1. Could you check which residue among B:Arg157, B:Arg56, B:Arg32 shows the biggest mean-square fluctuation in a GNM of chain B with a 10 Å Cα cutoff?
2. Could you tell me how many degrees, from 0 to 90 and to the nearest 10, lie between the Cα long axis of helix B:122-132 and the main elongation axis, the longest principal axis, of the Cα atoms of chain B?
3. Which of the peptides A:7-20, B:124-137 is most tightly packed, and how do the rest follow, going by the mean number of other Cβ atoms within 10 Å of each residue?
4. Within a 10 angstrom radius of each residue's Cβ in B:101-112, how many Cβ atoms of other chains show up on average? Whole number is fine.
5. Counting pairs of Cα atoms in chain B, how many percent are more than 21 Å apart?
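Every number in this text was worked out from the coordinates using simple rules, so none of it is lab data. Computed from a predicted structure; not experimentally measured. Don't worry about glycine lacking a Cβ; one is built from the backbone with ideal geometry, like all the others, and counts go over all protein chains shown.
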Amino acid sequence: MKMDEFEKHLQRQPLRKVPGEWREEILRAAASTRPSPVEIPPSFLSTLTHQLSTILWPHPRAWAGLGCVWILIFALHFATQDGSPRMASRTPPPSPEVMVAFRNQQKLMTELIGNNEPQEMERPKSFPAQPHSERCKNTSMA
Amino acid sequence: MDIQAMPDESDLQRLYDEHAQALFAFLLNFIRDENDTRDLLQEIFSRLAREPGLLRGARDERAFLIRLAHNAAIDLIRRRGTRQKYHEQLAEEEPCIFTAPDNTDEAAFRESLSRALARLPADQRAVVHLKLWENLTFEQIAEILAISHNTAASRYRYGVDKLREDLRPLYEEIK
């Protein structure tokens, strides 16, 4: 929509300026209505971190050295754990002489302790399952 | 200690420097009272300080702030219903909303224009102001004042026709 001359003339009329002293007053008053800083209760993790840093802070080098020692211990531990199965797998099978000696020793042990073995107990006799009436008949016949 | 996000003071100053003039002119024309205009400006900037996220979703800061100003002015008028009627009766004594010129003819025209604007219904005055001195489209005006596009256009037309009628003799003189 096009404006006519009258509307354009109205548009050219300059509006009053906002008083300069208002700026400070309004901004100061606005700043005073700001919400005050809210303290958020510290979380468990932040408390723990704070406590740890309080403890560790006095001697940081000593704690760092202790940490390095622990890392070295763990590294050695894992290195030796990795090596043992490999060594076991590489062990050669026992020689036939060793096996013969082992069998002889086993035989000797069997002979020595053979008498002390408990005697085999008599097993309970097992009867075939029969009806009660049948059992009674056998008894009466006897 | 953690501190929640606070409204930045420099941001508030920037908002004031960029928009306070437009808000002042709109409110002064709409409310027709300098003290009330100051109170409303104060209220708007205090709200911006209290609610830092208020402008976050706004596409157009100026339009959003004018809408805030309009709503605040409507609330004020409702709160002071009887006082407003008294103000309307005293429209002739209200301060001029334009700067004082050197030329006496222009001065007379501006004073007459200010008075003629004061005689318009507030709804028409708001639309005329936003169209003439904020250069907004009817779509933008409709959005700010929460009215339809056609209502904004018709209010403008009625308002300007009344001003034309009131100011015809003076306008003819200075033309």
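1. B:Arg56
2. 90 degrees
3. Values: A:7-20: 14.6, B:124-137: 21.1.
Packing proxy ranking, top to bottom: B:124-137, A:7-20.
4. The mean count of partner-chain Cβ atoms within 10 Å per residue comes to 1.
5. Counting pairs separated by more than 21 Å, the tail of P(r) holds 53 percent.
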